[in-house]
Amino acid sequence: MLTVRGLSRAYGDKRVVDDVSFEVRPGRLTGFVGANGAGKTTTMRMLMGVLAPTSGEVLWQGEPITDDQRRSFGYMPEERGLYPRMPLLDQLVFLARLHGLDRPAATERARHLLAHFGLDGRRGDLLDELSLGNQQRVQIAAALVHRPTALVLDEPFSGLDPLAVDSMVDLLQHELGPDVPVLFSSHQLELVERLCDDLVILSAGRVVVAGPTDELRGRGPLLYRVVLEDEAVLDSLPGARLDRHEAGAAYVEVMSGEPADLLSHLTARTRVSEFQRHVEPLAHVFREVTR
């Protein structure tokens, strides 16, 4: 378990991160989202020990984290830091050896990751000879090459096409195992919604909401998507109100009583061809809690 407790960072009188607390649970993908300038990168840098906090602490397995424990983490910073004129295989082996792997193990691991990302045939190429998307793949491989105990990724999917994203997610799910907590930031809310088990939303340096993604999406009003023949019946609904029309359907909020009672009311008055629960997308939740 990776725990952030009361983490703050100030520059003079300005607090860019303000009393941030959340948990990154083992074997789960935790999305870390917020607008530009919300404090995501600063928080990740403090978590990794790159930046000292003004106050607060980071815990690993319930105890204050040590530098040795941080060295076992995989970290992909916002500013990429690989060597542009060094062959891909050589630098992945070099990074793995810095983490304690011997040369044969480091070489095997590096080749495995390059092959997973479709770069095995280019392992002798220099980094700056690759496309931006392939450079991103190598950055991710560098964070994984030593089999980290935790993974912190700052915008790991930026510049990746959908197939590369799927490849990355497949690698995370199969390589990291049930004991490794994963925290990643992203501006791609639809991707976070699809991938993440847990979610932390930051706004103006503060956590505004955190928890399992499904629970957060379901915290809004109880909405039903309704398609019916005579929409005049929506003018008067017992215990419900019309929220909006969208894409040929009506969205009705159940405010009291049971959804089954509303359905019975509608079917007694008109033909109903669709009546199903509608959960707002993550983008809607994000807008509601950050505005």
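crowded, with 17+ Cβ neighbours inside 10 Å, aliphatic (A, V, I, L, M) and at pLDDT 95 or above, is that true of Leu92? Taking the combined requirement at face value, the residue satisfies it. Tyr251 meets each of the listed conditions (1) more than 30 Å from Thr42 (Cβ to Cβ); (2) in a helix (DSSP H, G or I); (3) not basic (Lys, Arg) apart from (2).
Of the residues Gly211, Gly239, the single one that is of a type in the set (Gly, Ala, Ser), within 16 Å of the chain's Cα centre (by Cα) and either surrounded by fewer than 17 Cβ atoms within 10 Å (Cβ to Cβ) or more than 28 Å from Gly159 (Cα to Cα) (or both) is Gly211. The sole residue among Arg271, Arg277 that is surrounded by fewer than 16 Cβ atoms within 10 Å (Cβ to Cβ) and within 30 Å of Phe32 (Cβ to Cβ) is Arg277. Residues that are in contact with a Leu (Cβ under 7 Å, 6 or more places away or on another chain) and either under 30 Å from Tyr11 (Cβ atoms) or in the same structural domain as Lys14 (by TED's automatic domain parsing) (or both) number at least 1 in the following helices (runs of 4 or more DSSP H) confined to the stretch 52-136: 88-98, 103-116. Number of residues in the stretch 261-288 that are more than 15 Å from Ala250 (Cα to Cα) and among the aromatic types (Phe, Trp, Tyr) equals 1. Listed conditions (1) of a type in the set (A, V, I, L, M); (2) surrounded by fewer than 20 Cβ atoms within 10 Å (Cβ to Cβ); (3) touching a helix residue (DSSP H, G or I) at 6+ places or on another chain (Cβ under 6 Å) are all met by Leu199, apart from (2). Within the stretch 254-291, the set of residues being in a loop (DSSP other than H, G, I, E, B) and of a type outside the set (A, V, I, L, M) comprises Ser256, Gly257, Glu258, Arg269, Thr270, Arg271, Glu280, Pro281, Arg291.
The values are calculated or read from the model by the stated rules, or taken from the named source; none is laboratory data. Computed from a prediction, not measured in an experiment: that's the story for all the values here. Every residue, glycine as well, gets a Cβ built from its backbone with ideal geometry; the counts of neighbours run over all protein chains shown.
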